[in-house]
Structure formats: C-alpha cells, structure tokens
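Written out below as structure tokens is the structure these notes cover.
Read-outs: derived from the displayed coordinates by stated rules, not from any lab. The model shown is predicted, which means the values in this text are computed figures rather than measured ones. So basically every Cβ, Gly included, is an ideal-geometry build from the backbone, and we count neighbours across all protein chains shown.
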Amino acid sequence: MLVSPLSGLLLRPEKNRKYCMRMVIIGGGFAGLQLARRLNNKEGVEVLLIDRFNYHQFQPLFYQVATGGLDASNISFPLRKVFHNSKNVRIRLAEVKNISPNTNTVHTDIGDFEYDTLVVATGAGTNFFGNSNLEKHAYPMKSTTEALQLRHHLIHNFEDALNATPDELQQILNIVVVGAGPTGVEVSGTLAEMKNDILPKDYPEIDFSKMQIFLLEGSNHTLLNMSDKSKEQSQRYLEQLGVNVQLNTIVKDYDGSHVTLTNGERISTRTVIWAAGIKGNVPMGIDPDLVVRGNRIKVDRQNKVLGYYNVYAIGDIASMETPKYPNGHPQLANVAINQGKTLATNILNRVKNPNAPLIDFEYKDKGNMATVGRNKAVVDLPKPKIHFGGFFAWLVWMGLHLVLILGVKNRMQIFLNWIYKYFTFDQSLRLLFQDFYKNRKAGN
Ligand SMILES: Cc1cc2nc3c(=O)[nH]c(=O)nc-3n(C[C@H](O)[C@H](O)[C@H](O)COP(=O)(O)OP(=O)(O)OC[C@H]3O[C@@H](n4cnc5c(N)ncnc54)[C@H](O)[C@@H]3O)c2cc1C
C-alpha cells in the first residue's frame, strides 16, 4: 500500500494546490522534533513525523527514572501535543523498516510513505560490540521503556534479597555499571545515594554495608571527554559516595550471574547496567558505503547525505566532518537540536527562493557537565575555559536540565520532585508493576 504522507489530510485540495514539499522525518528525538517544530505552520512544506513511540524522550534523565527518582511521564512528552493546531505537521506511530531512495519511499510496519525530502533523525541505540551474552543479560538505558525495565529489575531484586541465601544475597547486592561516561557516572552515583539514604529504610532486614556498586571503565579516567579537573573530581565524588571505581578494566562477558573481565577476574552479580557504547540506528536502504565509525551516516555541511539529492541525516546518526570536528560531532542533544534548526532554516530559505544560499552547520560548544549526586557535579565551560564543581555546578546542571525539558507541567513536576528529594533524602517511586516485570523476564 502506497500512501502519500498526508493523504486525506492535505491542507489544500490537490487541484488548487501550489507546489508543497512533502517531507518525511524519521525520529521525534531532539533533532527531528526541533526540525518539525521549526517547520510547523510554515508555507511550502508538509511534514510527516514518524516515530516508534508517540512521545519525545528526554534521555539525559533516564537514569533518574531507572533509580526511582522521576516518573517516566515526567521526562516524556506526547508528540501530538506539540503539534496541536498545526496545519502542516502530521504524526504517525510506526517502526521504519527500510527506505527506498530510488522511489522516494519509506517502508514502515503500518504502510509505505512517499516523500520529496527525507530526513533521517533516528538517533543511536546501544552498542554491545557484538557480544550476544551482554545483549541478552545486561540492562541498557536507551529508551524510557528500558529505564523502567531496569527500575523494576532493581526493586524486584531487593524484594528477592529478603529470602536469599548468603551467596545469592551478595549477588543481588553487587551492581555493576559498565562505562564511566556521564550516564555511568550519574547512575552509579545515584545508586550509591540509594544505598546510603533509602534502601536501609526500605529493607531494614538487609545489611546494606555489603552492597557494592562497581563502576568499570576501559580507559584510565571517568568522564573521558571532560577536563582533567572534572575527571579527577568526578572520581573523587564517586569514591566519597562509596562507588568502587575500576579504571582500565574491560568486560569480556556476562552470563547473567557473573561478569568476566579481560584480566580473568569475575564479579558475581545479577545486575549489569550497560552504559559503555552506542551505535547509530541506520535504516536499511542507505548505501552501506556511507556508514562510517559508530554506525553514523556521512553527511555534508548542510546535513545532506553524501550522494543523495533529497535525503538528509541530523543528530546522533549524522557524521559530519568539519575542521573543528574531523571525526564528526559529539553525540549530544545540543548538536542534534542545532542541526535541526540549521536544516529548517535552509529548507525554508530554499522553499522561498530555490537559489537561496545554504548555511553550513557549525557547532558552538557551550560546555559539558555531569552530576554525580547531591551537591556534586562538574561543569566545563569552553570560552573562557573554566571548570567548576560542587554545589554551584550541581545547581547549574539542574537549571539547564529544567530549561531543556519539554512542557511546563513536566518542568514543574521534576522541580518539585527534586526539592522533595533534597529535603527528605528520598523519593517515592519505587513501585513494582508485576506484569510488566514478568513480561520482560519472559522476553515479551
Ligand atoms: C542515558 C543518556 C543520557 C544522555 N545524557 C545527555 C546529556 O546529559 N547531555 C547531552 O547533551 N546529551 C545526552 N545524551 C545524548 C542525547 O540524548 C543525544 O545526543 C540526543 O538524543 C540525540 O538526538 P537525536 O534526535 O539524534 O536522537 P534521539 O533523541 O535518540 O531520537 C531518535 C528518535 O528516533 C526514533 N527512531 C529510531 N529508529 C526508529 C525507527 N526505525 N522507526 C521509527 N522511529 C525510530 C526513536 O524512537 C527516537 O525518538 C544522553 C543519551 C542517553 C542515552
């Protein structure tokens, strides 16, 4: 079945219709959503936004959902709500299977859609580096659903701990986080705070002094992409909280009960949180020769996929070489948002004037930050080059995340949650929805 993107929904009847570019955007993440918002209610372009979820996900706070600090709905925003009153943006909940650039068609599980211009904004998924055992047993955190699955697993384990043998108990109390980038640092810091402040109150029968949180990192630093001061300070913060940070440590395998390291050591654990790698979600149909390091698609300075005249890629999935970023940009929300903005400007300029000059994308690095826990964060600013940490950095981290989150209600709820947690050292979202958990265990 071949369906025009907006079939049945065209703003003007076909016979009266001026030329209008039919654009399909795959992915309502930071990049795709930004592009669609910039094109919203603009003349000359009709947009079909396709995503496998009907909501936008705020990935930087997944770890707080996974550790019961925030409700999943606080960091998810319905895509349809963004486009209330839109005359030219329509949404389809669908999984894109592949694309056919020769016939300008996107194939999905609900049918096929034609386009004049296609924008691939599919982001990145978890990279287990081909290890099927890790893929089967470890917990990734690349979607709200995965964050919820991890939360259920963690809480259920503590319930199981009440009836465990001493060996089983230690296996439950050992939690291994792999990868000391921002996600690994944030999740292990939060787990350590739970161990110190919350879990002994929830489970007074269990001796949580035996709980161990291992943060395993292959390189010789935590927060490898940040300044030396941030690396050193984040490690110190983690160790103050009681996290067992092991650098130059590489995971070889995990069978669901033991992690094996390349140096032969083994750690008995029921929980491995995988924060060690990502790879681009490249839709089938893109020329494989254009897929480079990290499974990203090669694009030019205007985000056009090399060799195609009407296919663009933006955000994490795009690999753009620039003098400042010869290996492509860092996979960050800010890059994705700004590529969405620049592409919207270029498209709108070209819709008005087919000869309008195109703007090259240039990323203006506004800095890097990560939080480890209460009053503990690190911030690096590029110009002037400044590093700061501690309470002020933590406030800056919170402020920025509140500004970035979509929706006033979400912002207020997150803010209230954080205030509540700050004063009570607790949050109350450690709920178990049994069927959800059982389904995951059964592989459904
Ligand atoms: C846990 C975590 C923490 C992070 N923390 C930070 C941070 O603190 N600061 C920061 O700047 N960045 C952070 N990032 C990175 C940031 O989230 C990404 O750079 C950003 O999301 C990239 O935006 P994007 O639009 O390219 O992709 P995404 O936001 O990932 O959006 C891709 C969209 O495409 C959809 N999609 C994918 N494949 C298909 C398909 N086949 N069919 C239909 N739909 C599909 C997905 O459902 C998704 O909605 C974090 C990422 C993670 C995972």
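Assorted remarks:
- Degrees, to the nearest 10: 333-352 long Cα axis against longest axis of the chain: 10
- Convex hull of alpha carbon positions in the chain: directionally averaged projected area 22.7 nm².
- Under 5 Å, built H, 5+ apart or other chain: amide partners of SER319: ILE297, LYS298, VAL299
- Helix-only [θ]222 nm of the chain, DSSP H runs n ≥ 4, -39500 (n - 2.57) each, per residue, nearest 500: -9500 deg cm²/dmol
- Gyration tensor (alpha-carbon) shape descriptor, region 371-438, a/c threshold 1.5: prolate
- By the count of neighbouring beta-carbon atoms within 10 Å, fewest first, ARG90, ARG236 end up ordered ARG236, ARG90.
- A cut-off under 14 angstrom between Cβ atoms defines the neighbours of GLN331, and their net charge, with Lys, Arg +1 and Asp, Glu -1, is +2.
- If R0 is taken as 60 Å, the Cβ-Cβ distance between PHE433 and ASN353 corresponds to a FRET efficiency of 0.65.
- Distant-in-sequence amide H partners of VAL372 (H built 1.01 Å from N, under 5 Å): ALA377, VAL378
- Counted by Cβ distance under 9 Å from VAL245, the other residues give a net charge of -2, where Lys and Arg count +1 and Asp and Glu count -1.
- Overall, the anisotropy analysis places region 276-341 in the rounded class: the square-rooted eigenvalues a ≥ b ≥ c of its C-alpha gyration tensor yield a/c less than 1.5.
- Net charge over other residues, Cβ less than 10 angstrom from the Cβ of GLY294 (K, R count +1; D, E count -1): +2
- Whichever aspartates and glutamates have a C-alpha closer than 14 Å to that of LYS383, once near sequence neighbours (fewer than 8 apart) are set aside: ASP365
- Relative to the longest principal axis of the Cα atoms of the chain, helix 408-424 runs at roughly 10 degrees.
- Choice from PHE77, PHE423, PHE214 showing the highest fluctuation, given a GNM over the chain with Cα pairs closer than 10 Å: PHE423
- Counting DSSP beta bridges with both ends in the chain, the antiparallel % (nearest 5): 45
- 0 to 90° range, to nearest 10: angle between helix 144-161 axis and the chain longest Cα axis: 20
- Region 172-210 versus region 382-402: alpha-carbon centroid distance in Å: 25
- Loop-located chymotrypsin sites (Phe, Trp or Tyr not before Pro) across region 70-141 with a Cβ neighbour count of 12 or fewer within 10 Å are PHE129, with loop assigned by DSSP.
- For the chain, a crude dipole built from +1 on the beta carbon of Lys and Arg and -1 on the beta carbon of Asp and Glu, taken about the Cα centre, is about 1820 debye to the nearest 20.
- Tensor-based shape of region 221-283 (alpha-carbon gyration tensor, a/c under 1.5 rounded, otherwise prolate or oblate): oblate
- GluC sites (Glu not before Pro) restricted to DSSP loop in region 235-342 with at most 16 other C-beta within 10 Å: GLU265, GLU321
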